[in-house]
Amino acid sequence: MMSRALLVGCLSLFALGTPGAFGDESKPLAACPAAAQGTDAIADAAGADPIEVPISVENGIALAAVAVGGSGPLPMMIDTGAVNAITPEAAVVLGLRIERSGARARGYGGHDVTVDTAHATELRLGAAALRDPSFLIVKLPRYLVDRGSRSPIAGILGQEFFTGFVVRLDYQRRLLTLSAPNRFRYAGSGICMPFVLEDRMPVVAARADGIAGLFAIDTGSNAGLVLAPDLVERSGLDRNPAGLRINSAATDGLVENIVLRLDRFDLADATIFRPIALLRMRQNEMSRGGTVSGTIGAKLLEQFVITFDYARQQLWLERSSAFGTKTSGGTTGFQAAKIDSPDFRVVNVIPSAPAAAAGLRIGDVITEIDGVPSATVGLADLAELTRRPDGTVIHLRVQRDGAERVIALTLRELVP
């Protein structure tokens with residue numbers, strides 16, 4: 001299957017020229033402050049605070065039903081690594097007036113692009129509303145927004161959303177809890193972690209196999225733990241013979257990375273044993289650069305209930321019912337995406353993995369998975385179909401060179 005992190009890297013949409021958190025506006029990772037800050041940007045007709053909003057979680061990505069300017073709701077991703085964004089198609093459905101801003105932003109693949117903007121009277125999630133939101137109008141890749149027979153993802157709730165609310169994200173209960181920043185007081189049992197912002201993403205201190213570093217919290221990545229080249233070099237992890245070497249797509253060609261299990265990852269007072277980590281072997285458009293040692297994505301984050309308080313630059317971590325769940329390094333050995341059609345195109349096959357052994361090739365077009373047409377299957381559905389016990393056989397109907405064939409693929413954990 002295709003993960004966003006493995007195809008073109010973490011989602012990063014941010015205005016160019018914004019100083020990094022470790023540049024001139026650098027702040028130390030000091031103790032969590034107690035004083036209240038922020039403004040009351042939240043509106044609730046019932047006067048309640050906090051407000052609970054149901055969400056769905058698809059392949060690790062949290063989605064919320066969002067109404068904009070009185071229209072909708074439409075599904076949107078909750079992404080600490082982005083700014084508020086809406087697709088051109090969703091902007092038309094929502095009746096937003098698009099403004100030619102000429103603003104520059106960095107999009108998928110590391111390219112700088114010119115983007116338009118749109119403004120609305122409010123952004124609403126259930127009973128909670130944020131006044132006068134603005135959005136970048138961004139053409140998101142099909143593999144990211146396609147959900148098969150369900151409505152496509154319409155956009156992203158990014159930094160402006162997290163600034164407007166104190167956001168509590170509970171993956172296991174499928175629940176967001178939103179509070180007004182100037183009225184918020186944390187009353188849970190979690191551990192407080194200060195953070196700084198780099199490229200608009202919260203960055204916290206943690207340790208990978210005892211190596212200290214600063215790690216970005218990326219709720220928009222369905223990866224687990226991704227280590228930057230600098231930390232890989234310092235730790236010597238690239239010399240671990242147990243690592244699985246894979247090639248990932250990048251704008252400048254294929255990039256070799258390594259997937260392996262760390263002994264441990266320490267975050268606040270929690271230790272996650274034997275987590276899967278992807279090691280970036282060199283800087284490319286998928287590496288965040290700067291002083292960040294890596295990113296923490298949904299495969300690890302879903303083991304916690306996380307409360308983000310951007311006004312005070314602090315977050316709280318509580319262990320969820322999923323804490324300690326073993327993370328997987330994949331079971332198929334192929335990556336596929338919906339690029340130019342409703343079907344999945346295979347873009348990478350790992351040698352000696354189940355997909356290669358079954359005869360799947362790069363360029364094959366998957367039209368059915370276990371008898372279900374690919375047109376009705378989203379990337380999250382494909383991931384779910386492959387997230388079954390070792391030994392499970394899935395049947396892929398593929399087209400290759402004008403001929404059709406069925407491939408029987410036996411699932412096997414790639415990184416035991």
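The values are calculated or read from the model by the stated rules, or taken from the named source; none is laboratory data. Here the structure is a predicted model, which is why all the values come from computation and not from measurement. Here the Cβ positions follow ideal geometry from the backbone for every residue, glycine too, while neighbour counts run over all protein chains shown.
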Taking the stretch 369-380 as the region of interest, how many residues are surrounded by fewer than 19 Cβ atoms within 10 Å (Cβ to Cβ) and either acidic (Asp, Glu) or over 18 Å from residue 153 (Cβ atoms) (or both)? 4
Looking only at the stretch 375-416, which residues are free of Cβ contacts under 8 Å to residues at least 60 places away in the same chain and touching a Pro at 6+ places or on another chain (Cβ under 7 Å)? 410
Name the pairs: first residue in the stretch 73-89 and in the same structural domain as residue 119 (by TED's automatic domain parsing) and under 20 Å from residue 198 (Cβ atoms), second residue among the acidic types (Asp, Glu) and surrounded by 24 or more Cβ atoms within 10 Å (Cβ to Cβ), Cβ to Cβ under 7 Å, at least 6 apart or on different chains? 80/218; 81/218
Looking only at the stretch 302-331, which residues are on the phi < 0 side of the Ramachandran plot and at pLDDT below 90? 325, 326, 327, 328, 329, 331
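Let's see how each residue does on (1) modelled with pLDDT under 50; (2) surrounded by 13 or more Cβ atoms within 10 Å (Cβ to Cβ); (3) under 22 Å from the mean Cα position of the chain (by Cα); (4) of a type in the set (S, T, N, Q):
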| site | (1), (2), (3), (4) |
| --- | --- |
| 4 | yes, yes, yes, no |
| 11 | yes, yes, yes, no |
| 39 | yes, no, no, yes |
| 47 | yes, no, no, no |
| 60 | no, yes, yes, no |
| 79 | no, yes, yes, no |
| 82 | no, yes, yes, no |
| 97 | no, no, no, no |
I'd like the residue in the stretch 381-408 that is buried (at least 17 other Cβ atoms within 10 Å of the Cβ) and more than 30 Å from residue 263 (Cα to Cα) and, out of all such residues, is modelled with the lowest pLDDT. 381
Just to verify a result, which residue in the stretch 173-205, among those that are surrounded by fewer than 19 Cβ atoms within 10 Å (Cβ to Cβ) and among the aliphatic types (A, V, I, L, M), is nearest to residue 262 (Cα to Cα)? 205
Six or more apart or on different chains, Cβ under 6 Å: which pairs go from a residue in the stretch 229-252 that's part of a loop (DSSP other than H, G, I, E, B) and of a type outside the set (Phe, Trp, Tyr) to one that's surrounded by 14 or more Cβ atoms within 10 Å (Cβ to Cβ) and modelled with pLDDT of 80 or more? Could you list them? 240/260; 242/260; 243/258; 243/260
Kindly indicate whether residue 295 is of a type in the set (Val, Ile, Thr), in contact with a helix residue (DSSP H, G or I) (Cβ under 9 Å, 6 or more places away or on another chain), under 25 Å from residue 274 (Cα atoms) and part of a loop (DSSP other than H, G, I, E, B). no
Just wondering, is there one or more residues in the stretch 206-223 that are surrounded by 23 or more Cβ atoms within 10 Å (Cβ to Cβ), among the polar types (S, T, N, Q) and at pLDDT 90 or above? yes
Search result, residues across the stretch 336-360 that are without any contact (Cβ under 8 Å) to a residue 40 or more places away in the chain, within 20 Å of residue 256 (Cβ to Cβ) and part of a loop (DSSP other than H, G, I, E, B): 351, 352
Can you tell me which residue in the stretch 254-288 is modelled with the lowest pLDDT, limited to those that are out of contact with any helix residue (DSSP H, G or I) (no Cβ under 9 Å at 6 or more places or on another chain) and part of a loop (DSSP other than H, G, I, E, B)? 288
Scan of the stretch 117-128 for residues that are crowded, with 17+ Cβ neighbours inside 10 Å and over 19 Å from residue 56 (Cα atoms), ordered by number: 117, 118, 120
Restricted to the stretch 108-119 and to residues being over 12 Å from residue 137 (Cβ atoms) and of a type in the set (Gly, Ala, Ser), the residue modelled with the highest pLDDT is 110
